[in-house]
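Accompanying notes for the structure given below.
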Amino acid sequence: MTTILAIESSCDDTSAAVLRDRVVLSNVIASQKVHEQYGGVVPELASRAHQQNIIPVVDAAIKQAGIAKEEIDAVGFTRGPGLLGSLLVGVSFAKSFATAIDRPLIEVNHLQAHVLSHFIDRGEPMPQFPFICLLVSGGHTQILLLKDYFDIECLGTTIDDAAGEAIDKAAKIMDLGYPGGPVIDRLAKDGDANAYRFATPHIAGYDYSFSGIKTSFLYFLRDRLKEDPDFIEHHKADLCASIQKTIVDFLLKKVERAAIDHKVRQLAIAGGVSANSLLRSELQRICQKHHWQAFIPPFSFCTDNAAMVAIAAHFKYQRGEYADISLPPYTRS
C-alpha cells in the first residue's frame, strides 16, 4: 500500500489530504473569507492566511486519516501554476516536512491534478483512455485529450479570460458579491435562460474567448439601466439564467465538436466551474444524445483541494518521479 500526504496552496484555499492507494482517508480544506470584502483574491492576504492555516490543516489531515507520520511514503505538493506567495507557503512546508520524515517529494501540476481527480477511488466507474476533459475554472479554460495519466494534449484554450472569471465578472457587475459563480447558479434556477441573448465570438478551432461576452453583458446592462435604474433588481434571475446559459452553451459546443472530431465517447469536466449545475446537466444531456459516458466530479473535488494533488502524486510515485528539494514554484504552466 502507498500512503501519500498532499498539500495544496495555489490560491486562497489551504488544503492537506492523505491518500492510501487511490482511496482518500482525509481531505481538509481551510477557506479564506477575508477576500469577500475586496471582490476577489488579494495575493498578499492569501499568503499570510496560508501561513496561519498550513500547520493546523496538515495536522488535522493526518489525525483524520488515523495514521502516524511514519506511515507516509511520500509528500506531494502543488508546485504551480498559481499565486507565487501562496505557492511558496505550501512548497516550503512540503519540503520541510518531507525532509523531517526522510520521505521523497513529488511535485504536481495544479491543472493536471484537477483532471486526475476522476481517478480517485470512490467505488464508481472511472474514465477509460482516451477521453476528453473540459477543465474550467476562474483562471483556466481548456479542452484536454487524455491518452494516459500524464499524456495530455491541449486541444483548445482561452485566448484571454477564463469562463469562471467571466461568470464572476457578471456577478460583480450585478453586485452579487464574491465569489459570484455560486450566486448566479442559485438565482438562475428561478430565471428564464432564454430571456436575453449575449454575443459570443467566433474563434477558430477549439479555442475560446470570454472578453467579448463580458463586454456584451456590460453594454446590455448599461443601456437598460438608462431606461430603468432598477433593471437589474427587477430582472436578476433572468439575467443570471441568460448569462449562465450563454457561457455554458459556448463551452460545450466546442467540447462536443472535439469529441466527434477525435472519435472519443467519454467526456469529463473538472475545475471550480464544474460545480455549476447547468454545466453538469448539459454535459449529461449531450452524452445521452450521443450515447457517450459523462464523468462529473463530486462537489468536494471541484474546487481546489489536496485530494486531487494526492492522486496525481500517487501516479508519479508509481513511476518513481520524485522532485528535487531545490525546485521553485511557478506561477504559469
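Odds and ends about this structure:
- Of residues in region 126-164 being among the hydroxyl-bearing types (Ser, Thr, Tyr) and more than 17 Å from residue 253 (Cβ to Cβ), the one most open to solvent (accessible area, probe 1.4 Å): 149
- Boolean, residue 98 is of a type outside the set (S, T, N, Q) and farther than 28 Å from residue 265 by Cβ: yes
- Of the residues making up region 197-208, not a single one is of a type in the set (Lys, Arg), out of contact with any Asp or Glu (no Cβ under 9 Å at 6 or more places or on another chain), exposed (fewer than 14 other Cβ atoms within 10 Å of the Cβ) and closer than 29 Å to residue 41 by Cβ.
- Those residues of region 262-318 which are open to solvent by 30 Å² or more (accessible area, probe 1.4 Å), in contact with a Leu (Cβ under 8 Å, 6 or more places away or on another chain) and aromatic (Phe, Trp, Tyr), in sequence order: 292
- Looking across region 1-44, just one residue is hydroxyl-bearing (Ser, Thr, Tyr), at pLDDT below 95 and under 18 Å from the mean Cα position of the chain (by Cα), and that is 31.
- When region 45-75 is limited to residues that are open to solvent by 100 Å² or more (accessible area, probe 1.4 Å) and closer than 18 Å to residue 9 by Cβ, the one that is modelled with the highest pLDDT turns out to be 55.
- Members of region 106-125 found to be in a helix (DSSP H, G or I) and open to solvent by less than 40 Å² (accessible area, probe 1.4 Å), listed by number: 110, 111, 113, 114, 115, 116, 117, 118, 119
- If you go through region 128-157 and keep only what is farther than 22 Å from residue 321 by Cβ, in a strand (DSSP E or B) and more than 17 Å from the chain's Cα centre (by Cα), you end up with 131, 155.
- Of all residues making up region 212-262, the number that are aliphatic (A, V, I, L, M) and touching a strand residue (DSSP E or B) at 6+ places or on another chain (Cβ under 7 Å): 4
The values are calculated or read from the model by the stated rules, or taken from the named source; none is laboratory data. Predicted, not measured: the structure shown is a model, and the values here were computed from it. When we count neighbours, we look across all protein chains shown, and the Cβ atoms used for this are built from the backbone with ideal geometry, even at glycine. Note: areas computed on protein heavy atoms with side chains; ligands, DNA, RNA excluded. Shrake-Rupley method; radii C 1.70, N 1.55, O 1.52, S 1.80 Å.
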